[in-house]
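Let me begin by presenting the structure, written as C-alpha cells, before commenting on it.
Derivation of every value follows stated rules applied to the coordinates shown; laboratory data play no part. All figures in this text were calculated on a predicted structure; none of them were measured in a lab. All Cβ positions, even for glycine, are placed from backbone atoms using ideal geometry, and neighbour counts span all protein chains on display.
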Amino acid sequence: MTRILFADKLDNCLERWRSAGISVIGPVKKSNSSGYSAVTKAAEFDFNLVLPERSIKELFFPQSEPLMRYEIKKQEINTSEFKAPTSERIIFGVRPCDAAGLAIDDPLFGWDYQDEYWFQRRRETVLVTIACTKADDFCMCTSLKLTPDSEKGSDILLRPLENNSGWQVEELTDRGREAFKIIADLLQESQEKAAPTAVVEEKFDLEAALAWLKEPENFESHFWKEISMRCIGCGSCTFLCPTCHCFDIQDEGDTYSGIRRKNWDSCSFALFTMHTSGHNPRSTQSARWRQRIMHKFNYFPGKFNLNSCSGCGRCSRQCPVDMGITETLQELSKLLR
C-alpha cells in the first residue's frame with residue numbers, strides 16, 4: 001500500500017507546518033494573474049492550473065534584490081552587506097517543470113562563485129511537486145527529455161488520485177522526509193490508484209536542433225532573421241522563464257550614499273549589450289534571439305551538460321506575438337534534415 005495525503009487533511013497539514021515555523025507557498029490565482037504566493041488555507045490553492053503564469057524562479061532569484069549599502073565619507077567608505085532573510089518554507093503544488101528549472105540553474109549559481117542568496121533559499125525550501133494529469137498545446141517537457149511526473153529538483157512528488165480526493169506521496173530527499181515527518185500521522189495507508197499522467201507529445205527533434213546549433217557556419221545563417229521577424233523584444237519570455245537568469249547590478253543613490261542592487265535583465269533588450277562607446281555587438285533583434293537560443297541549447301550545455309530549458313512552454317504561451325522556443329526548435333529540426 002501507498003501513503004496518501006487526502007485533500008481534506010490539507011488544512012491540518014498547513015497548521016502543523018505553521019506551528020513548526022514553516023511558511024507555505026503554493027499556486028494561487030488572483031484576478032487575471034497566477035503565480036506562487038503565500039497561503040494559509042487549503043482553499044487558497046489553485047491546483048486546476050495547468051501551470052501558473054509566473055514560475056517559482058522569483059522566490060529564489062527576486063526581480064530586485066539589495067546587495068550592499070554604501071556611504072562615502074571624506075576619509076573612508078563604509079559598506080554593509082544585505083543578507084537574504086532566513087525562513088524555512090514549503091512550496092506546495094509546484095509543477096515538475098518549475099522544479100526542474102531550479103535544478104538546471106543550480107550549477108550556474110555555484111559555478112565560479114557560490115551565490116549564497118540563491119543557495120540559502122534553496123537550502124531552506126522544500127519543493128513539493130504535483131505530477132501533471134493535464135497539459136495544453138504549449139507544454140513541451142517531453143521534448144526536453146523530461147516527463148509530466150519528473151522528479152528532477154523535487155523533494156516530494158505527489159501523484160493525484162483517480163477520484164481527485166488526494167495524492168499518493170513519494171518522498172525523494174531527506175529534506176522532504178523531514179518536512180513530512182511533521183504530518184506523518186495525517187497520512188493514511190491506502191490502495192487508492194493514481195490518475196494517469198498527462199500525455200505530452202514531443203514537439204521537435206531536440207538532437208537534430210542541437211546538432212544544427214553546434215555547426216559554426218550556422219551562426220550567421222539567414223534563419224535567425226527569418227525566425228525573429230515578429231519579436232518585439234519585450235522580454236516577457238525571459239522574465240517568465242524558470243531558467244533565465246540574466247541580471248544587472250546598479251547603484252541607486254547619490255554621491256554620498258546609496259544601495260547596490262541586483263535586478264533582472266534580459267538578453268532580449270537592446271541595451272543589454274550596449275557598450276559605453278555606443279557600440280552594440282547585438283544591435284538587431286535577430287542577433288538577440290540567436291543569443292537566447294544559442295545560450296540555452298549550445299553554450300549552457302557546453303558548460304554544464306544541461307539544456308537551459310525545462311519545457312514549461314511559458315515563452316510561447318505568454319508571447320504577445322505568438323512565437324517562442326518551441327517554434328524555433330521545430331524549424332531548426334527541419335533545417336538539419
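Dipole check for the range 237-337: with +1 at the C-beta of Lys and Arg, -1 at the C-beta of Asp and Glu, and the Cα centre as origin, the magnitude is about 460 Debye. Cα centroid separation, the range 9-32 to the range 55-71: 23 Å.
For the range 251-320, the alpha carbon positions stretch 46, 31, 26 Å along the principal axes, listed from largest to smallest. With a ≥ b ≥ c taken as the square roots of the eigenvalues of the C-alpha gyration tensor of the chain, please select rounded if a/c is under 1.5 and otherwise prolate if a/b is larger than b/c or oblate if it is not? Oblate, since a/c reaches 1.5 and b/c is not below a/b. For GLU15, the shell of other residues with beta-carbons less than 14 Å away shows a net charge of 0, using +1 for Lys and Arg and -1 for Asp and Glu.
I want the antiparallel fraction of DSSP beta bridges within the chain, as a percent rounded to 5.
About 75 percent, rounded to the nearest 5.
In percent, rounded to a whole number, the relative contact order of the range 206-336 is 33, using alpha-carbon pairs under 8 Å and six or more apart. Could you give the dipole magnitude of the chain about its Cα centre, charging the beta-carbon of Lys and Arg +1 and that of Asp and Glu -1, in debye to the nearest 20? Charge dipole of the chain: 420 debye, to the nearest 20.
Residues whose amide H falls under 5 Å from that of LYS134, counting only those 5 or more places apart or on a different chain, are ALA198, with hydrogens built in the peptide plane. Taking a ≥ b ≥ c as the square roots of the eigenvalues of the alpha-carbon gyration tensor, the range 114-168 is classed oblate because a/c is 1.5 or more while a/b is no larger than b/c. Fewest-first ordering of LYS225, LYS296, LYS152, LYS83 by other beta carbons within 10 Å of each residue's beta carbon gives LYS83, LYS225, LYS152, LYS296.
Going from the fewest other Cβ atoms within 10 Å to the most, the residues PHE119, PHE61 appear in the order PHE119, PHE61.
For the range 1-56, the equivalent ellipsoid derived from the Cα gyration tensor has semi-axes of 22, 15, 10 Å, listed largest first. Volume per residue for the range 140-286 equals 231 cubic angstrom (convex hull of Cα atoms). Sorting 71-81, 283-293, 267-277, 308-318 by their mean Cβ neighbour count within 10 Å, with the most densely packed peptide first, gives 308-318, 283-293, 267-277, 71-81. The helix-based estimate of mean residue ellipticity at 222 nm for the chain, built from -39,500 (n - 2.57) per DSSP H run of four or more residues and divided by its residue count, is -7000 deg cm²/dmol to the nearest 500. Over all other residues within a Cβ to Cβ distance under 13 Å of LEU271, the charged ones net out to 0, with Lys and Arg as +1 and Asp and Glu as -1.
Taking the chain as a whole, the Cys residues whose C-beta sits 4.7 Å or farther from every other Cys C-beta are CYS13, CYS132, CYS139, CYS141, CYS231, CYS234, CYS246, CYS267, CYS309, CYS319. Neighbour counting of Cβ atoms within 10 Å sorts the residues ASP205, ASP174, ASP98, fewest neighbours leading, into ASP174, ASP205, ASP98. Of the residues ASN263, SER277, GLN318, the one whose Cα sits farthest towards the positive end of the charge dipole of the range 206-336 is GLN318 (charges of +1 on Lys and Arg Cβ, -1 on Asp and Glu Cβ, taken about the Cα centre). Projecting the Cα atoms of LEU144, ILE22, HIS245 onto the charge dipole of the chain, computed from C-beta unit charges around the Cα centre, puts HIS245 farthest toward the positive end. Taking a straight line from the alpha carbon of LYS57, these aspartates and glutamates sit under 18 Å away, with near neighbours fewer than eight places off in the same chain left out: GLU65, GLU88, ASP98, ASP105, ASP106, ASP115, GLU116, GLU124, GLU151, ASP155, ASP248, ASP265. For the chain, a Gaussian network of Cα nodes joined below 10 Å ranks ASP105, ASP11, ASP46 by mean-square fluctuation, and the top entry is ASP11. Per residue, the convex hull around the alpha carbon atoms of the range 2-190 comes to 158 Å³. Relative contact order of the chain: 21 percent, from C-alpha pairs under 8 Å at least 6 residues apart in sequence.
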